[in-house]
Amino acid sequence: MRVTTSFPLGTLRNTPSEAEIISHQLLLKAGYIRRINSGIYAYMPLMLRVIEKISSIIEKELNTIGCTKLLLPQLHPAELWKKSERWEGYTAGEGIMFNLKDRQGKEFGLAPTHEEVITSIASEIINSYKQLPQCFYQIQTKFRDEIRPRFGLMRSREFIMKDGYSFHSSENDLASFYEKMGIAYENIFKSCGLQTVGVEADSGAIGGASSKEFMVTADAGEDSILFTQSGSYAANIEKAVSIPSQPIPIRDNISGLIETPQQKTILEVCKNNNLDPTQIIKVVVFIAKFESKAEIPILACIRGDQHINEVKLFNLVNKLHNSNLLNLKKIEDKNIIEKNLVDFPFGFIGPDLDNKTIKASSNWNKTWTRIIDSSASSLSKFVSGANKVNFHKVFQSFSFASNDYLVEDIRNAKKGDKIKINNNEVLKEKKGIEIGHIFQLGQKYSEKLNAKFSDKDGQLRNLWMGCYGIGVTRIAQAAIEQNHDQNGICWPIQISPFEVIIIPTNLKDQIQRDLTEQIYNNLKINKIQVLLDDRDDRAGVKFKDAELIGIPFQIIIGRDAINKEVELLCRSNNTKLKIDANNLLETFIKESKIMYNKNS
RNA sequence: CGGGGCGUGGCGCAGCUUGGUAGCGCGGGUGCUUUGGGAGCACUAGGUCGCAGGUUCGAAUCCUGUCGCCCCGACCA
């Protein structure tokens, strides 16, 4: 490709002010993307080549394990999503699915994901266990009405995703395919030149039993990963399980009511009464709203020095009820409290708060669902709210054993926690960018969409399903976050838009021009992906742009052209080789091979 | 949705306090010079100052409303 005739670069001298993180700034400055609207971007020619590179790496790896590529519609009829009972949750309120009506008033959604469509197709074309297993995938634009799009392609409203769906005759077969997919994912990310870590994850709104996320570690990441140094454990903070520190034993001479005027926070209570946060149980109040319109008030109790993990709590509450949980909110708003509660001692609530605090006139369920984290339930003597304004209380040998209480893990694991009692390894924390996520869905969708097959015994059974996503455009940006320097992008060669860029320093020099053409044509004939910067600009301009756009190799043709000598420069480590033009192709092939092998 | 910031040519910004009809750097075009690290000189094109009202002889500037973008959070995955 020639820059002047077929591949305008569109680089900028100044960094657009809208970009906060380095990868986003570089994508804009180097002309890879242009913003059209919040969270909506155009992929410019350079970017499209990166996307195509990543896509073909994915395709190659997935085809190897027997997956089949197809392309599904992006406009989905609401009825399909109503069958899976996700329409409400995905469109109402804070749902992420863009939706619209056609001229007849029929409802549609713009696809954020494709479980419904693929399951409905699978149910039609898969009849027998003999056709299983089967895995379909596609690479396509997804639409998500993100509450807050940010950081360019990291969280955008339109993005390119590889999504795959597998179908199995048994849970075992699903589990083993899931493992195979995990390995394929590792190969894919390695082939893209990325350093990733696989972590246990929450399966969120997609649902299902087991799920694993693949993270690119980077400070700009939106997720937190907890892991041990040895690699024995790694999980998303939303999912991570750990052992909290030992509580400090509470002193013997304390009992009964403690007057705690205006002391609404754990810290204030501790400071004024010579207590430690580990001796206190804090009670946080939530309201859970379900698709069935049911509203259930929740008391969540946890040791004072620990924090509630709302994802864990959400999943738990969701399981307790046979309707979908739409939304779980802390109760803080005065109006909501006044409308639904009576004599509510906000700031002084204990785990034994009376059900009578819920007003008869309220829409809420009239019993508190009491969920106790095990960090709290293991305390036999502790301090908590006395359910009376300005008072706390010492609970002596209080037990959470009755039916009123549910003891579960709703605690946020944190760095410094141990993962096993007899193991001194502690958790460390890093930020990560989620670029892939694999799920064992089980039969959730096949059941709702009636996708069955005949098993060996002639019985109709629900298909077992897995689903597997990779953020293609997100990989591109994450790769920049991991591979750049002060001068610009340093693409891993596997996903670079070109392998090499030719920079003639002075095109007015006939000798340089001739040598440039000769080298360019020779590389092209030999199927090297080469960009020729044939702009009649000064050398400095072309050097700067080449560094900015991050092509891994530069061939510089300059004064020594008269001696048939050129330079081969490596972008990432800045090493320069002076070579005879006749040996250039050979040397380049050798050097690029080394780089391909190093990265993957 | 709450908090903060910002909307002035393709990009980065100044001007606004104290109203007088828009400016700088980069980028673009033409010419000459220059040619291995974002060149120099000269000329030049390009802006309903986000939008709508209002105040005023006169509004980028003051007032009201509105839309949008970015960041933090909530939320979401």
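The values are calculated or read from the model by the stated rules, or taken from the named source; none is laboratory data. The model shown is predicted, which means the values in this text are computed figures rather than measured ones. With ideal geometry, Cβ positions are generated from the backbone for all residues, glycine too; neighbour counts draw on all protein chains shown.
Computed quantities for the displayed model
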quantity: Scan of the range A:575-598 for residues that are touching a strand residue (DSSP E or B) at 6+ places or on another chain (Cβ under 9 Å) and either within 8 Å of RNA strand B (Cβ to nearest atom) or under 16 Å from A:Q529 (Cβ atoms) (or both), ordered by number; calculated: A:K576, A:L584, A:F588, A:E591, A:S592, A:M595
quantity: Pick from the range A:7-38, criterion among the small types (G, A, S) and either more than 10 Å from RNA strand B (Cβ to nearest atom) or out of contact with any strand residue (DSSP E or B) (no Cβ under 7 Å at 6 or more places or on another chain) (or both), ranking: farthest from A:W491 (Cα to Cα); calculated: A:S38
quantity: Search result, residues across the range A:578-592 that are hydrophobic (A, V, I, L, M, F, W, C) and out of contact with any helix residue (DSSP H, G or I) (no Cβ under 7 Å at 6 or more places or on another chain); calculated: A:F588, A:I589
quantity: Selection status of A:E107, free of Cβ contacts under 8 Å to residues at least 40 places away in the same chain and under 22 Å from the mean Cα position of the chain (by Cα); calculated: no
quantity: Qualifying positions in the range A:393-408 - of a type outside the set (F, W, Y), out of contact with any helix residue (DSSP H, G or I) (no Cβ under 6 Å at 6 or more places or on another chain) and touching a residue at least 24 places away in the same chain (Cβ under 8 Å); calculated: A:K393, A:V394, A:Q396, A:D404, A:L406
quantity: Criterion: at pLDDT 90 or above and either on the phi > 0 side of the Ramachandran plot or not charged (D, E, K, R) (or both) - qualifying residue of A:N423, A:N355, A:N403; calculated: A:N355
quantity: Verdict on A:D163 being within 16 Å of RNA strand B (Cβ to nearest atom), in contact with a Gly (Cβ under 9 Å, 6 or more places away or on another chain) and part of a loop (DSSP other than H, G, I, E, B); calculated: no
quantity: Number of positions in the range A:550-588 that are farther than 14 Å from A:W491 by Cα and in contact (Cβ under 8 Å) with a residue 24 or more places away in the chain; calculated: 13
quantity: Residue tally, condition assigned to a strand (DSSP E or B) and more than 16 Å from RNA strand B (Cβ to nearest atom), over the range A:210-260; calculated: 6
quantity: Matching residues, the range A:539-571, being assigned to a strand (DSSP E or B), among the β-branched types (V, I, T) and within 6 Å of RNA strand B (Cβ to nearest atom); calculated: A:I556
quantity: Some residue of the range A:379-402 being surrounded by 23 or more Cβ atoms within 10 Å (Cβ to Cβ), within 33 Å of the chain's Cα centre (by Cα) and part of a strand (DSSP E or B); calculated: no
quantity: Conditions (1) in a loop (DSSP other than H, G, I, E, B); (2) β-branched (V, I, T); (3) within 34 Å of the chain's Cα centre (by Cα): number failed by A:I296; calculated: (1)
quantity: Every residue from the range A:493-517 that is surrounded by 23 or more Cβ atoms within 10 Å (Cβ to Cβ) and either within 21 Å of the chain's Cα centre (by Cα) or more than 22 Å from A:I557 (Cα to Cα) (or both); calculated: A:I495
quantity: Members of the range A:122-142 that are buried (at least 17 other Cβ atoms within 10 Å of the Cβ) and not polar (S, T, N, Q); calculated: A:A122, A:I126, A:Y129, A:L132, A:P133, A:C135, A:F136, A:Y137, A:I139, A:K142
quantity: Among the residues listed as A:L449, A:L427, the single one being of a type in the set (A, V, I, L, M), away from RNA strand B (no atom under 16 Å from the Cβ) and under 25 Å from the mean Cα position of the chain (by Cα); calculated: A:L427
quantity: Among the candidates A:N322, A:N355, residue that is among the polar types (S, T, N, Q), in the same structural domain as A:S384 (by TED's automatic domain parsing), more than 13 Å from A:W368 (Cα to Cα) and away from RNA strand B (no atom under 11 Å from the Cβ); calculated: A:N322
quantity: A:I302 of a type in the set (V, I, T), surrounded by 16 or more Cβ atoms within 10 Å (Cβ to Cβ) and touching a residue at least 40 places away in the same chain (Cβ under 8 Å); calculated: yes
quantity: Matching residues in the range A:82-97 - criterion: being in a loop (DSSP other than H, G, I, E, B) and either over 20 Å from the mean Cα position of the chain (by Cα) or more than 13 Å from RNA strand B (Cβ to nearest atom) (or both); calculated: A:S84, A:E85, A:R86, A:A92, A:G93
quantity: Selection count where residues are hydrophobic (A, V, I, L, M, F, W, C), away from RNA strand B (no atom under 15 Å from the Cβ) and either crowded, with 23+ Cβ neighbours inside 10 Å or part of a loop (DSSP other than H, G, I, E, B) (or both), scope the range A:452-471; calculated: 4
quantity: First in the range A:468-494 and within 12 Å of A:A220 (Cβ to Cβ), second anywhere and away from RNA strand B (no atom under 15 Å from the Cβ) and polar (S, T, N, Q), Cβ under 7 Å, 6 or more apart; calculated: A:Q482/A:Q195
quantity: Qualifying positions in the range A:459-505 - of a type in the set (S, T, N, Q), within 28 Å of A:I528 (Cβ to Cβ) and in contact with a helix residue (DSSP H, G or I) (Cβ under 9 Å, 6 or more places away or on another chain); calculated: A:T473, A:Q477, A:Q482, A:N487, A:Q494, A:S496, A:T505
quantity: Residue identified as closer than 15 Å to A:A111 by Cα and among the basic types (K, R) among A:K29, A:K69, A:K82; calculated: A:K82
quantity: Complete set of residues in the range A:34-54 that are surrounded by 14 or more Cβ atoms within 10 Å (Cβ to Cβ) and not hydrophobic (A, V, I, L, M, F, W, C); calculated: A:R34, A:R35, A:G39, A:Y41, A:Y43, A:P45, A:R49, A:E52, A:K53
quantity: Filter result (of a type in the set (D, E, K, R), within 16 Å of RNA strand B (Cβ to nearest atom) and assigned to a loop (DSSP other than H, G, I, E, B)) within the range A:325-352; calculated: A:E332, A:D333
